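Structure record follows, encoded as structure tokens.
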Amino acid sequence: MNWAKYKTKKIRTVRYAVQLLFFFLIFYMAIIGIWKGVLILAIFGMTIFLGRFFCGWICPFGLYMDTITWLRNILKMSHWPLPQKLNQTLHKTRYIIAAMIFATVLLGFILGSATLFDLPNFIWLRPPFVPFTFFLEPLQPLILPWKPPFGTLYEINGTYITYPYVGEIMIYLQKSKLALPIAYIFTTATLAASFKIRRFWCRFCPTGISLSSVNRFKRFRALPLMSLSKDGKKCTKCGICKRVCPVQVTEIYENRTGKIRTSMCILCLRCVEMCPQKNCLSLKVTNITLYKNCKH
Ligand code: SF4
Ligand code: SF4
Ligand code: SF4
């Protein structure tokens with residue numbers, strides 16, 4: 001199969017434009033000081049019903065990694081696929097990180113005097129909800145026009161350079177002299193790794209995965225309204241969907257037919273636009289086809 005002949009970037013370009021739009025919107029929300037608790041509820045609500053649409057089309061950290069991949073493509077350098085077993089193990093590890101965050105908040109309840117309905121504390125993510133800010137770190141803008149309380153990497157004439165998770169590193173290691181060096185190491189390492197491994201941090205990140213985990217249970221499988229669908233009769237097992245997937249999902253290739261819901265899929269639609277078989281893959285919202293590969 002000469003898969004290069006089917007190369008297309010239409011959906012990728014549209015997705016990039018949508019990501020940029022949300023990047024500026026989120027930057028604006030950071031400036032006006034949006035309620036963080038409401039933002040978390042919005043992301044998690046979206047994830048339950050739309051799968052990981054947030055990861056594929058909205059998340060700023062995803063945009064940073066996609067930009068690095070785009071630069072690598074311009075330089076015509078190849079990527080490193082992770083061994084499949086390692087990829088799946090990392091995927092499972094994220095549930096542990098997410099569970100630890102929830103457990104820390106729960107511990108805060110038990111040890112403190114807060115109640116579950118402590119609304120002002122929740123919407124501003126004050127104790128005991130502080131660990132939830134970890135879920136919002138991928139939304140961190142790279143530059144800010146004011147000094148954030150934590151999480152500055154560098155200052156240039158009143159503009160502050162920051163990066164996802166740097167704030168968390170500074171908060172938890174604030175008494176240590178190692179906080180800033182660790183923040184620099186984390187930033188450099190994730191940027192460098194993203195150059196060779198597509199969506200590198202998405203293999204670890206607990207945001208977005210946390211509530212899509214409910215899809216793993218049979219009873220909740222019907223919850224996400226958005227899903228990929230495959231017409232197995234048209235599939236020639238060429239393997240292109242597996243090859244182009246930025247997070248190395250294999251279920252699209254392996255599953256025979258029908259709706260395919262996997263908590264690893266970020267709904268970027270790259271496999272749909274690259275599949276060489278007309279109408280073989282599609283994106284469905286409930287049973288309505290929103291997009292299919294009808295170009296070939
Ligand atoms: S997995 Fe995390 S970093 Fe990746 S796109 Fe989703 S929220 Fe962003
Ligand atoms: S779904 Fe499409 S891209 Fe994937 S193996 Fe089948 S024909 Fe190839
Ligand atoms: S399976 Fe398809 S839609 Fe899902 S992440 Fe991979 S390429 Fe994107």
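Suppose we take every Cα in the stretch 221-292 and form the convex hull; what volume per residue is that in Å³?
78
Output needed for the stretch 10-53: three equivalent-ellipsoid semi-axes, defined as square roots of 5 times the C-alpha gyration tensor eigenvalues, in descending order, whole Å. Provide the component values of the computation, followed by the final result.
On the way: eigenvalues 91, 60, 3 Å².
Result for the stretch 10-53: semi-axes of 21, 17, 4 Å.
What angle, in degrees between 0 and 90 and rounded to the nearest 10, separates the Cα long axis of helix 84-111 from the longest principal axis of the Cα atoms of the chain?
It is inclined by approximately 30 degrees.
Inverting the mean 1/r over all pairs of different Cα atoms, compute the Kirkwood radius of the stretch 1-105 and quote it in Å.
16.8
List the residues, sorted by chain then number, that are 5 or more residues from residue 259 or on another chain and whose placed amide H is less than 5 Å from its amide H.
230
Report the trypsin sites (Lys or Arg not before Pro) located in the stretch 227-277 that are in a DSSP loop and have at most 13 other Cβ atoms inside 10 Å of their Cβ, or state none.
Passing sites in the stretch 227-277 are 237, 256.
Who wins for biggest fluctuation among 253, 16, 160 in a Gaussian network model of the chain, springs between alpha carbons below 10 Å?
With Cα springs under 10 Å in the chain, the top fluctuation among 253, 16, 160 is at 160.
Residue 124: net charge of surrounding residues, Cβ under 12 Å, Lys/Arg +1, Asp/Glu -1, itself excluded? Intermediate results must be reported in sequence, preceding the final value.
Values: positive: 36, 126; negative: 118.
The answer is +1.
Within the stretch 71-154, list the trypsin sites (Lys or Arg not before Pro) lying in a DSSP loop whose Cβ has at most 10 other Cβ atoms in a 10 Å radius. Don't jump to the answer; show the numbers that get you there.
Numbers: sites: 72, 76, 85, 92, 94; in loops: 76.
Those satisfying the criteria are 76.
Which net charge results when you count Lys and Arg as +1 and Asp and Glu as -1 among the other residues whose beta-carbon is under 11 Å from that of residue 230?
Computed value for this residue: +3.
Can you divide the C-alpha Rg of the chain by 2.2 N^0.38 Å and report the result to two decimal places?
Values: Rg = 20.1 Å, N = 296, 2.2 N^0.38 = 19.1 Å.
Compactness ratio reported: 1.05.
Taken together, the values in this text are just the output of simple stated rules run on the coordinates, not laboratory data. Bear in mind that the values here come from a model prediction, so they are computed numbers and not experimental data. Reconstructed Cβ throughout: ideal geometry from the backbone, glycine too, with neighbour counts over all protein chains shown.
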